[in-house]
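The values are calculated or read from the model by the stated rules, or taken from the named source; none is laboratory data. These figures come from a predicted structure and were not determined experimentally. Cβ placement follows ideal geometry from the backbone for every residue including glycine, while neighbour counts extend to all protein chains displayed. Accessible surface areas use protein heavy atoms only, side chains included; no ligands, DNA or RNA. Shrake-Rupley method; radii C 1.70, N 1.55, O 1.52, S 1.80 Å.
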Amino acid sequence: MKRIVVSLLVAMIAITTAVAQKPNQDARKLSMALYAISNLYVDPVDDSKLVEDAITGMLEKLDPHSNYMDPEETKEMTEPLQGNFDGIGIQFNMLTDTLYVIQVIPGGPSEKVGLMAGDRIIMVDDTLIAGVKMKTTDIMKRLRGPKGTEVNIKVLRNKNPELIEFKIIRGKIPVTSLDAAYMADKQTGYIKLNRFAASSADEFRDALAKLQKQGMKNLILDLQGNGGGYLNIAIELADEFLDKDKLIVYTEGNKQPRDEAKSTAKGNFEEGRLVVMVDESSASASEILSGAVQDWDRGVVVGRRTFGKGLVQKPIPMPDGSMIRLTVARYYTPTGRSIQKHYENGKLEDYQHDLIDRYNRGELMSADSIHFPDSMKYNTLETKRIVYGGGGIMPDVFIPVDTTRYTDYHRNLVASGLVNRVSMSYLDRNRAAMNKKYPKFSQYKKDFVVPEETLQELINLGKEDKIEYKEEEYNRSKPLIALQIKALIARDLYDMAEYFQVINDDNASFKEALRIINDEEVYNKELGR
């Protein structure tokens, strides 16, 4: 018996040693391969690139969201989510190779020295940036820089032939994630969130408080096109709607035990009707929030099935400032639904083709084209309504894509930047008159009509850009084109919130959300009450 026990112990020690040695063997194998290539390969090689390619190759075999980012990519990814960056504080667009200031951020360095919307920046630190086809990223690098440093710019204002010089001391510029917050009617507020950044919860609470002071009783939260962001911010925002001790989301992975996030007692909108708008581009944190709202029957989800990004990435910083984002777990909604859609061996093609496949199947046009197996049926936690798993959040009320007015001709005009260009050109010529005629947005929204000559200018620019004019398609898309131009002018004349107040007049999801939220009987019926 002793011999058997001793033999078993020896065997176990041997297995443990082998397991411990395996990672070391694999690491040595990689090191040897790199050493051999560096020292023996026939042509010169870049060791750093070899290492990066090896890391990228390994991650590509895992899943579509594990990835490697070099130091520059890491900075570009984290900056918008951190809520601020160092710069001069403007929003701009490129119009015929010239940087055109759309908005000067209140309280920022540019406003302090007198830069104005409509100004064209011609030179930055004695470098000509206008009319030279410089990349937008290169222009941004010249304007951005560490807080406290100086940048000198020269601008063209109105029709004044003389350039105006400004010396600007760069500062910390806030990056907002909240696009719009306004009263859609006397009792209903509307909040549009474009991502879940570090500042999003505070921005949301500030907007909510302002709307409540204006008499808001119900809320439409617009997460259309919101690709996600920080998990903790999604949890914080969901907490605003749920009362105490409600499961919001949990994560679990092979090496990660189940980790639950629950609501607290501090929510600022736990009562009142709630509608969440989503679409096929709403992902990750957007799906966590809308999934929690749906599972607890807290509000009605309106729109189209969300993207289906339910993998948790852990950032692993590298010594040179690069980063690995490694998938370590999956997200699950309170009912146990996995948010992640199906993928195979980390193939990015699955993701790149998924939305096209949905369109080809008719899923974006008709809810009848969406099929879920019975195994994916779940019941909500309060009223026991049927909801579905298997990837993404299927809304309670489906809104098809409107294909009647979105023509190829219209898409070509938008893709070429001409719709934006025409709106900026119009305001550039008429800013002073527009400010005088429409000091208040309500008057502009009610009375302003895009002139026919502006629409004709768009057609002519399209022809110059080799976009074939198609009369039938133009007539179908004309109301939408005019609305988009009106919205873009409103954005540049007032602010982003006014843009959405105009463009939402043509948003089928918004109109349906407003109808549902204003009819208590319909609202309760959708929630199974």
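Couple of notes before you dig in:
- Once all protein chains are placed together, Val328 keeps about 40 Å² accessible to a 1.4 angstrom probe.
- Too-long pairs where the Cα-Cα distance tops 31 Å, listed order kept, from Lys135/Lys511; Lys75/Lys309; Lys29/Lys141; Lys309/Lys478; Lys436/Lys478: Lys135/Lys511; Lys29/Lys141; Lys309/Lys478
- Here's how it looks for Ala180: its modeled amide H is under 5 Å from those of Lys192, which are all 5 or more places away or on a different chain.
- Positive end of the dipole of the chain (Cβ unit charges, origin at the Cα centre): among Val113, Gly392, Asn67, the Cα lying farthest that way belongs to Val113.
- For the chain, the longest principal axis of the Cα atoms and the long axis of helix 452-464 meet at an angle of about 60 degrees.
- Counted over the chain, the DSSP beta bridges are approximately 75% antiparallel.
- Whole-Hz couplings from phi, Karplus 6.51/-1.76/1.60, listed for region 199-215; x for Gly and Pro: 8, 4, 5, 5, 4, 4, 5, 5, 5, 4, 4, 5, 5, 5, 5, 8, x
- Distance from the Cα centroid of region 450-529 to that of region 48-69 is 41 Å (rounded to whole angstrom).
- Each Lys or Arg adds one and each Asp or Glu takes one away; over the other residues whose Cβ falls under 12 Å from the Cβ of Lys463, this sums to -2.
- The chain: angle of helix 508-517 to the longest principal axis, Cα-based, in degrees nearest 10: 80 degrees
- Over region 231-320, the reciprocal of the mean inverse Cα-Cα separation, the Kirkwood hydrodynamic radius, stands at 14.1 Å.
- For region 376-516: rounded, prolate or oblate by the Cα gyration tensor [a/c cutoff 1.5]: oblate
- For Leu30, the solvent-accessible surface computed with a 1.4 Å probe is close to 100 Å², ligands and nucleic acids excluded.
- Here region 406-493 exposes an accessible surface that is 48 percent carbon and sulfur, computed with a 1.4 Å probe and the other protein chains kept in place.
- Once C-alpha pairs closer than 8 Å and six or more residues apart are averaged by separation and normalised to the residue number of the chain, the relative contact order reads 12 percent.
- Dipole-positive endmost among Ile481, Leu493, Ser425 within the chain (Cβ charges, Cα centre): Leu493
- Stretching Arg405 away from Thr176 to a fully extended chain increases their span by 79.3 nm, per 0.36 nm per residue minus the current alpha-carbon distance.
- The HN-Hα couplings worked out from phi for region 46-59 by the Karplus form 6.51 cos²θ - 1.76 cosθ + 1.60 (θ = phi - 60°) are 9, 4, 4, 5, 4, 5, 4, 5, 5, 5, 4, x, 5, 5 Hz, whole numbers, x standing for Gly and Pro.
- The figure for Asp126 is an accessible area of roughly 130 square angstrom, using a 1.4 Å probe on the protein chains alone.
- Sulfur and carbon atoms: percent of accessible area, region 83-172 [1.4 Å]: 51 percent
- Phi to ³J(HN,Hα) by Karplus 6.51 cos²θ - 1.76 cosθ + 1.60 over region 250-257, Hz, x for Gly, Pro: 9, 10, 7, x, 4, 9, 10, x
- Pairwise centroid distance, computed over Cα atoms, of region 120-136 with region 240-293, Å: 45 Å
- For the peptides 329-335, 285-291, the ranking by mean Cβ contacts within 10 Å, running from highest to lowest, is 285-291, 329-335.
- Taking 7 Å steps out from each Cα toward its Cβ at Lys511 and Lys436 produces label points 3.7 nm apart.
- Check: region 406-493 dipole with +1 on Lys, Arg Cβ and -1 on Asp, Glu Cβ, in debye: 580 debye
- Rg over Rh for region 83-172 works out to 0.92, using Cα positions for both radii and the Kirkwood form for Rh.
- Where His65, His410, His342 fall by accessible area, highest first, once all protein chains stay in place (1.4 Å): His342, His65, His410
- Of the listed residues Tyr499, Tyr100, Tyr182, the order by accessible area with a 1.4 Å probe, largest first, is Tyr499, Tyr182, Tyr100.
- Based on DSSP H segments of at least four residues, each scored -39500 (n - 2.57), the chain has a per-residue ellipticity at 222 nm of -13500 deg cm²/dmol.
- Proximity of backbone amide H atoms, modeled 1.01 Å from N, is registered between Leu99 and Ile121 at under 5 Å, excluding neighbours fewer than 5 places apart on the same chain.
- Taking amide H positions as modeled 1.01 Å from N, with prolines and chain starts lacking one, the residues under 5 Å from Ile248 and 5 or more places away or on another chain are Ala261, Lys262, Ser263.
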